[in-house]
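What follows is a single structure, written as C-alpha cells, with notes after it.
The values are calculated or read from the model by the stated rules, or taken from the named source; none is laboratory data. What you see is a predicted model, and the numbers here were worked out from it, not measured in a lab. No Cβ is skipped: glycine too gets one built from the backbone with ideal geometry, and neighbour counts run over all protein chains shown. Keep in mind that these areas ignore ligands, DNA and RNA; they rest on the heavy atoms of the full protein, side chains included. Shrake-Rupley method; radii C 1.70, N 1.55, O 1.52, S 1.80 Å.
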Amino acid sequence: EEKYRSLVENINDVIFNTNEKGEVTFISNKVKDISGYSPDEVINRPFIDYIYPDDRKKILKEFSELKTGIIEPSEYRIITKTGGFAWIRSSSRPQWAGKVFKGITGIITDITEQKKAEMAQLKEKQKAQQYLDVANVIIVALNKKGEVILINQKGCQILGYKEQEIIGRNWFT
C-alpha cells in the first residue's frame, strides 16, 4: 500500500476514479497543480462540473461509450479554480463488478502548453497563408523529399487542383 501511495503521490499525472454516476471517488493531489482545486474540493462531486461547458456533451458521450467497450484517450478542457481552463488528455478504463458497471479509473495529463504551442503554430500558418493567397503567382513549399507541404490558392487555381489533392504529392513527378 505504501508503494502505491508513493507512486500516486509522485507521478506527474493525475490519477482518478469515479463511480457509475460519474462522481469522483478518488483523485490524486496533482489535480491541484492543473486545476487549482484540492482533492477534497473534487471528491464526491460529478466530474462533469469541472469540464469546460463547450466540451461537456463530447465527454458525456465518451463516458457512456466506455460502458460499451469503446476506450480511447480524449483531449478536452477543464475549468480551473480561477475561472480559466486547462487542456488535458485523459485515458480511462471502465471498472466492473461482474457485468455491473461501477465507474471509471483513469489518468489525466496536462497538455495546456502543448495546445498553446499548437495554437500559436496554427495562427502563424494562417497568417502566412493570408500573405500567400494575395500573390498572383504559384507559391509552393516542398519538404526534403520534394513533397508539397504548402501551396497558395492561386497556385491551386492555376493548376486546377484542390489543396488536399496537391499536399503530400511529389512536385517533380
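Restricting to lysine pairs 8 or more places apart or on different chains, what number in region 49-102 have Cα atoms under 19 Å apart?
5
In the chain, taking the dipole from charged Cβ atoms about the Cα centre, the farthest positive-side position among T112, G98, Q153 is held by Q153. Computed in the context of the full set of protein chains, the accessible area of the chain at 1.4 Å probe radius has 52% of its extent on carbon or sulfur.
Comparing G146, G69, G106, which has the greatest mean-square fluctuation in the GNM of the chain with Cα pairs linked when under 10 Å apart? Result: G146 has the largest fluctuation of those listed. To make sure I understand the rule: partners must be lysines, Cα under 16 Å from the Cα of K162, and not fewer than 8 residues away in the same chain. Which ones qualify? Output for K162: K154. Given R0 = 22 Å, the distance between the Cβ atoms of K125 and K154 translates into a calculated FRET efficiency of 0.80.
Near the amide H of N152, within less than 5 Å, lie the amide hydrogens of I139, all on another chain or at least 5 residues away, with H placed in the peptide plane.
Averaged over residues, the count of other Cβ atoms within 10 Å places the peptides 127-140, 5-18 in the sequence 5-18, 127-140, highest first.
Ignoring everything except DSSP H segments at least 4 long, calculate the 222 nm mean residue ellipticity for the chain; use -39,500 (n - 2.57) per segment, divide by total residues, nearest 500. It comes out at -10500 deg cm²/dmol, rounded to the nearest 500. If a spin label sat at a point 7 angstrom from the Cα of T112 along the line to its beta carbon, the backbone N atoms of region 56-77 nearer than 17 Å would be those of 75-77.
With the chain treated as a Gaussian network of Cα nodes joined by springs under 10 Å, which of T80, T68, T109 yields the largest mean-square fluctuation? Highest fluctuation among the options: T68.
Taking all protein chains into account, the per residue accessible area for the chain stands at 67 Å² (1.4 Å probe).
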